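**Q** Before anything else, here's the structure in question.
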Amino acid sequence: MINLKELDKLEQYLSQNNYKYNRRKNYDGAQLMVYNEDGEELWDVICCSYSYGHKRGLLEAMGSYIIAEDKDEVEGYLSAEEIIQRLENMND
């Protein structure tokens, strides 16, 4: 069974900070998709048996808004706290 604890932590942060997002079941795990005010997807995170870091309950992220210049690249083995720090650093 996939541990979604880190995904849940990130979702709580997104909700408390009024991010527009959607959570959906994905394979045997879940995915969070984050949108801008126009409804365009900015980035997403996933934790399922196909994601980088799932065996340790960590998240895989995709999207230039949060991880890289190339929006099609992914970065795995991320904790919710690491992603939250990136979001907060972007708002400074």
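**Q** Among 84, 46, 67, which comes first, second and so on when ranked by fewest other beta-carbon atoms within 10 Å?
**A** 84, 67, 46
**Q** If you don't mind, there's one more thing I want to ask. Can you spot the aspartates and glutamates whose alpha carbon is less than 19 Å from residue 25's alpha carbon? Ignore those fewer than 8 places along the same chain.
**A** 6, 8, 11, 41, 44, 60
**Q** What's the exposure ranking of 1, 33, 90, going from fewest to most Cβ atoms within 10 Å?
**A** In increasing order of surrounding Cβ atoms, one gets 1, 90, 33.
**Q** Could I ask something else about it? Compute the relative contact order of the chain as a whole-number percentage, counting only Cα pairs closer than 8 Å that sit 6 or more residues apart in sequence.
**A** Reported as a whole number, the value is 23 percent.
**Q** Given the DSSP H assignment, sum -39500 (n - 2.57) over each helix run of at least 4 residues in the chain and divide by its residue total; what's the result at 222 nm in deg cm²/dmol, nearest 500?
**A** Roughly -7500 deg cm²/dmol at 222 nm, from the helical runs in the chain.
**Q** Also, I was wondering about something else. Would you work out if region 3-75 is rounded, prolate or oblate? Take a ≥ b ≥ c from the square roots of the eigenvalues of the alpha-carbon gyration tensor; rounded if a/c is under 1.5, else prolate when a/b is larger than b/c, oblate otherwise.
**A** Oblate is the answer for region 3-75, as a/c is 1.5 or above yet b/c matches or exceeds a/b.
**Q** What FRET efficiency comes out for the pair residue 1/residue 38, r = Cβ-Cβ distance, R0 = 41 Å, nearest 0.05?
**A** 0.65
**Q** Can you tell me the orientation of helix 5-16 relative to the chain, as the angle in degrees between its alpha-carbon axis and the longest Cα principal axis, to the nearest 10?
**A** 20 degrees
Quick note: the coordinates plus some simple rules give every number you see, no bench work behind them. Values in this document were obtained by computation on a predicted structure and should not be read as measured data. Here the Cβ is made from the backbone with ideal geometry for all residues, glycine too, and neighbour counts use every protein chain on show.
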